[in-house]
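Q: Okay, here's the structure, questions in a sec.
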């Protein structure tokens with residue numbers, strides 16, 4: 001009885017861990033594929049984890065199969081994963097070595113050959129009995145017996161695995177910084193996970209008669225547990241490869257993804273396995289109990305993760321705990337434009353009710369113009385007021401209002417103009433007029449009572465705080481937008497591992513065409529097209545197309561950049577006959593007249609029959625198109641270099 005209980009426990013444990021590995025593998029595959037698939041390392045990891053996923057999915061399916069005939073089909077399908085795991089090992093190790101600057105045509109050929117051998121062994125496994133044969137059932141375990149060529153596959157499997165491990169060690173030895181060496185060490189340890197996951201199936205195939213089913217189940221149980229842990233470690237390290245985000249962002253994103261995905265899914269598997277397989281529980285069908293249990297557990301897990309989030313974040317952000325807590329709290333306290341409008345509208349409604357008037361509005365200063373921010377009641381009075389009022393006249397009229405006394409209001413502070421009673425809305429320091437509050441003119445028989453004046457003053461103060469906060473937020477956001485290109489560049493540098501390679505600095509200095517500030521770089525260079533620091537010190541000098549143009553421009557970088565910009569503009573020249581009024585010529589005409597010929601904005605706008613505001617808008621579009629043309633020119637140079645490298649590699653292989 002105890003032996004049967006032990007066997008049943010091993011089967012349930014093995015099934016749970018195999019299911020957990022399927023969930024973890026699929027979750028990591030989805031995460032890496034959606035977050036970092038541009039990295040060669042991530043692509044290779046996705047290939048490896050896909051084949052491991054197939055192996056464990058087959059294991060879960062076989063645990064629920066009753067007949068040997070049905071099991072035979074799934075055993076053959078399981079070999080799709082088993083046969084390709086060694087090739088994926090080589091693929092991942094080669095990708096890691098390439099990130100350290102070690103490239104080898106022979107190693108790439110080996111990877112391709114590995115996948116070809118995997119395909120051959122898979123076809124032999126499903127179509128012949130040369131690799132595996134005779135599906136059998138030992139106790140509750142379905143497996144194949146070894147065929148005459150199984151030793152060849154085992155040799156290929158272990159040779160590829162050892163080669164992959166040696167490549168990983170080589171890659172680790174080339175890491176320069178402690179962080180990159182530590183990550184590569186973790187990856188080297190976790191690299192054994194796919195091998196451990198497939199090993200029990202090789203063991204069953206070759207030694208099923210020598211070992212008891214319980215021993216094989218025990219080995220599978222331990223192996224599955226190790227695979228689950230090491231697969232997560234591998235995915236965690238691969239998520240950093242080539243990512244352009246800070247480590248803390250990647251760590252936070254992945255930890256919460258694992259908690260809300262694989263952990264919750266594994267808990268559901270536990271519920272399904274733990275709830276007894278009986279017809280009824282407390283008079284209720286088992287399926288009904290299972291549905292209730294899964295729904296309740298899903299909700300409770302989400303609640304638990306939300307409650308535990310602050311403590312989890314403390315572990316993730318150990319060094320930046322206070323800063324991150326402040327940033328997260330700031331996200332809740334920032335006021336959007338809709339929030340500001342809601343506050344101002346509430347103020348207007350309260351004032352109109354207090355003073356028994358039908359309409360009111362708040363206008364803000366936008367340069368030399370007035371802009372309607374919010375209104376209460378009919379819109380027409382506010383529009384009519386703006387139509388007949390000049391911003392300069394309004395500011396002059398309100399200059400003396402609320403100046404000669406304390407923070408409270410007096411009846412003399414109210415100004416009347418164009419049928420409205422007005423009050424200026426000023427910043428905290430009282431120096432800047434942020435806007436004007438206007439309400440329909442009322443004719444009280446007496447002045448406002450002190451209580452009413454105090455209420456009006458409090459409401460006006462709320463409106464001023466809202467407008468002042470909005471102004472300050474806009475200033476902060478403007479600073480952050482100016483910093484955004486530099487922040488993006490710093491994140492690229494911070495996420496670039498330092499390896500022992502000659503092209504290290506070139507790797508760190510990413511191409512300007514990848515920068516979100518490319519249009520700003522082009523605008524600055526064009527503004528000093530005929531000479532100046534914005535041309536001679538432009539980041540665009542790092543472009544390959546500019547370096548290639550040096551020889552034809554006397555080796556002078558500024559002259560080469562000027563020539564490249566000229567070529568980019570000429571690419572935008574339409575093929576039809578030139579016209580100063582045709583729409584298709586607008587972009588080219590603006591670039592030619594403003595920058596290549598250096599004419600003044602006013603003169604260019606007059607020649608093109610457009611207003612200056614329209615000119616500025618179309619000039620931004622023109623500069624964006626020059627940036628796109630530069631990007632295309634740079635990509636052509638990079639592509640031609642890549643083709644030349646491939647031809648050189650092919651030549652090396654031919655000579656070898």
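Derivation of every value follows stated rules applied to the coordinates shown; laboratory data play no part. Just so we're clear, the structure is a prediction, and the values are computed from it rather than from any experiment. Heads up, the Cβs are rebuilt from the backbone with ideal geometry, glycines too, and the neighbour counts pull from every protein chain shown.
Q: Kindly provide log₁₀ I(q)/I(0) values, in the same order as q = 0.18, 0.26 Å⁻¹, from the Debye equation applied to equal alpha-carbon scatterers of the stretch 26-93.
A: Debye output, listed in q order: -0.69, -1.03.
Q: For the stretch 337-473, rounded, prolate or oblate, judged on the Cα gyration tensor with a ≥ b ≥ c (square roots of eigenvalues), a/c < 1.5 rounded, else prolate if a/b > b/c? Let's see the in-between values first.
A: Values: a/c = 1.22, a/b = 1.12, b/c = 1.09.
Rounded.
Q: Need one number: nm distance between label points at residue 554 and residue 609, each 7 Å from Cα along Cα→Cβ, rounded to one decimal.
A: According to this spin-label approximation, the distance is 4.2 nm.
Q: Would you mind ranking 128, 433 by Cβ crowding within 10 Å, fewest neighbours first? Spell out each step's value before the answer.
A: Numbers: 128 13, 433 18.
Placing the least packed residue first, the sequence is 128, 433.
Q: Per 10 Å bin, what is the whole-percent P(r) computed from every C-alpha pair distance within the stretch 511-655?
A: 11, 37, 30, 15, 5, 2, 0
Q: Would you mind computing, in nm to one decimal, how far apart the modelled labels at residue 399 and residue 30 are, each placed 7 Å from Cα along Cα→Cβ?
A: So the label points at residue 399 and residue 30 sit 6.7 nm apart.
Q: Under the classification rounded if a/c is under 1.5, otherwise prolate if a/b is larger than b/c and oblate if not, where does the stretch 1-118 fall, given a ≥ b ≥ c as square roots of the Cα gyration tensor eigenvalues?
A: prolate
Q: Hey, can you rank 73-83, 295-305, 416-426, 598-608 by average C-beta count inside 10 Å, highest first?
A: Result, highest mean first: 73-83, 416-426, 598-608, 295-305.
Q: Starting with the fewest neighbours, write out 527, 163 ranked by other beta-carbon atoms found within 10 Å of each beta-carbon. Walk me through the numbers before you get to the answer.
A: Details: 527 13, 163 18.
Least crowded to most crowded, the residues run 527, 163.
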